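Notes follow once the structure below has been shown.
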Amino acid sequence: MDSVVTAFPHTQAIVKTLTLPAADLEEIRSMVKLYAARHIPLPEEEIVVEGCFLERRTDGPSTILMIVVRKEDVRRHVEMIAQAGCAPDKVVLDSMMTPEKEVKTLFSTINLLPEEDRNQRFRLRLKKDLIKTGSFFLAFGLSMVVMFGLRRHEKRKYLQALTRTEKDLSAKTKEWRAMQQEIRMMQRQTSRNGSFLHLLADVQARIPKTVSIESLSFEKGQSLDVEGACLQMPDILRMVEALQKSPLFPKVELVSSGRRSIGGRDLVDFHVSCRLGAGKSPRMEEPSPLMAARGNPMDRDIARKEQAILIDREILRTQETIRRDYRLLQARAKGIPESGTTGLLKELEALTQKSGVKLEHIAPQSRAGDPSANAPVSMVIESPWTSLARFVYQVYESPLILDIESAHLRLKSDKDTSIEGEFTLVS
């Protein structure tokens, strides 16, 4: 804000030029006040004394301009100006009101307004500024409260609308959700990711032709151990490196290796253990989650309902696909032969005959505390490698949705190419 300066008539002031040995402005003011107290016949509390340099010297006395005015005259002058709507912040002599820059600079330190009046004006101005600032922040706070209230009201209305939409869509998609759940469960059961068949195919593709496999031990979700022999150690290292690149094995390590001689030939035996990772089951695509990890409960409810509505709308959009997949599931279920343990035993016997493997032993197992009618079945078979691979493939193609929980394969002897396999299967 610009300050208001008013000109006081010099005819009502005492102006005197003094020569004083001082070079500092504060020192000059003290000297002229002392001079005025001695030579001006007015009480000190009734006058205003100001001084400024007319000529400043460092090698001798300086020329000083002393101005003395009565406080009462200055206040009467200021009140007259204030009636016109202006409140002067500074009072100077009228002879100092000149456009000349040098003169204005010379008298720039002069202010004839009484010091107590200056302090009062400063306090009033500070109070007004504080009131303005407080009013601004109060208005800002109130506007924020109003905006927050309006926003919360809008959110509540939006949440109510979402609740109605979610309830309506949930009723429409209830049947489709049940179908979708059955389809997903079937997809998880029939997925070959991480299955024994999947692992066999991956190992067969990665093991070098110079490596001979003598035994395989499989425990679902845990490990696959491979034992065999080759002519050179580098072949084993290449095999381990190839298996480490497989996404099915998070960890592959060479457990042991050793040399032996057969018929004058040196062989290197090895044992490699592959830790199994969790296989990913195929699933139907869903919209990406919108659930907010942070926020107040209302925001979390809105995010949850928005996500539920998106999923329901996606289900309605893909209902024809769900209907088709569900019909295929029902058609496959109609082709399932006798269920239960008896049906499982009959199905496995039929698969051994179909694939050309020799069934040595088959029997159901019992699990303590498991009331399921479909108990695991253990079986021992003997066959060449090609017939055994065909048997494993047909197990996973069975309409009973079979799964191999564990398998142990080994060559019967060095001279016999037949493989003896022990399996534990479930339906």
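What follows is calculated from the coordinates using simple rules that are stated; it is not laboratory data. What you are looking at is a predicted structure, and each value in this text was computed from that prediction instead of being measured. Note that each Cβ is placed from the backbone with ideal geometry, even for glycine, and that neighbours are counted across all protein chains shown.
Among ALA22, ALA205, ALA229, the residue with the largest mean-square fluctuation in a Gaussian network model of the chain, with springs joining Cα atoms closer than 10 Å, is ALA22. The C-alpha atoms of the chain define a longest principal axis, and helix 319-334 lies at about 20 degrees to it. Backbone amide hydrogens, once placed in the peptide plane, bring GLU405 within less than 5 Å of THR424, LEU425, VAL426, excluding anything fewer than 5 places away on its chain. List residues of the stretch 240-262, by number, whose backbone nitrogen lies under 16 Å from a label position 7 Å along Cα→C-beta of MET233. Within reach of a label on MET233, which here means backbone N under 16 Å from a point 7 Å along Cα→Cβ, the stretch 240-262 contributes 240-241, 254-261.
Could you work out which residue, out of PHE249, PHE196, PHE122, moves most in a Gaussian network model of the chain, that is, has the largest mean-square fluctuation with Cα springs under 10 Å? For the chain, modelled as a Gaussian network with Cα springs under 10 Å, the answer is PHE122. For the chain, the share of alpha carbon pairs falling in successive 20 Å distance bins from zero is 17, 24, 14, 10, 12, 18, 5, 0 percent.
Output the pairs from LYS71/LYS128; LYS33/LYS90; LYS220/LYS412; LYS251/LYS412; LYS209/LYS358; LYS167/LYS305 with a Cα-Cα distance over 21 Å in this structure; if there are none, say none. Could you put the intermediate results ahead of the total?
Working: LYS71/LYS128 26 Å; LYS33/LYS90 19 Å; LYS220/LYS412 24 Å; LYS251/LYS412 29 Å; LYS209/LYS358 27 Å; LYS167/LYS305 10 Å.
Violating the 21 Å Cα-Cα cut-off are LYS71/LYS128; LYS220/LYS412; LYS251/LYS412; LYS209/LYS358.
Give me the percent relative contact order of the chain, please, defined on Cα pairs under 8 angstrom at least 6 residues apart. Result for the chain is 11 percent. When the chain is treated as a Gaussian network with alpha carbon springs shorter than 10 Å, the biggest mean-square fluctuation among LEU124, LEU231, LEU20 belongs to LEU20.
Given +1 at the Cβ of Lys and Arg, -1 at the Cβ of Asp and Glu and no other charges, the dipole of the chain around its Cα centre is 1280 debye to the nearest 20.
Peptides 166-178, 48-60, 382-394 ordered by packing proxy, namely the average of other Cβ atoms within 10 Å per residue, highest first: 382-394, 48-60, 166-178. Based on DSSP H segments of at least four residues, each scored -39500 (n - 2.57), the chain has a per-residue ellipticity at 222 nm of -16000 deg cm²/dmol. So how far, in whole Å, is the C-alpha centre of the stretch 234-257 from the one of the stretch 1-72? Here the two parts' Cα centres lie 101 Å apart.
Taking θ as phi - 60° and the Karplus parameters 6.51, -1.76 and 1.60, the scalar couplings of the stretch 222-238 work out to 10, 7, 10, 9, 10, 10, x, 8, 7, 7, 10, 5, x, 5, 5, 5, 5 Hz in sequence order, x denoting glycine and proline.
Listed peptides 302-310, 129-137 appear in the order 302-310, 129-137 once ranked by packing, highest mean of other Cβ atoms within 10 Å at the front.
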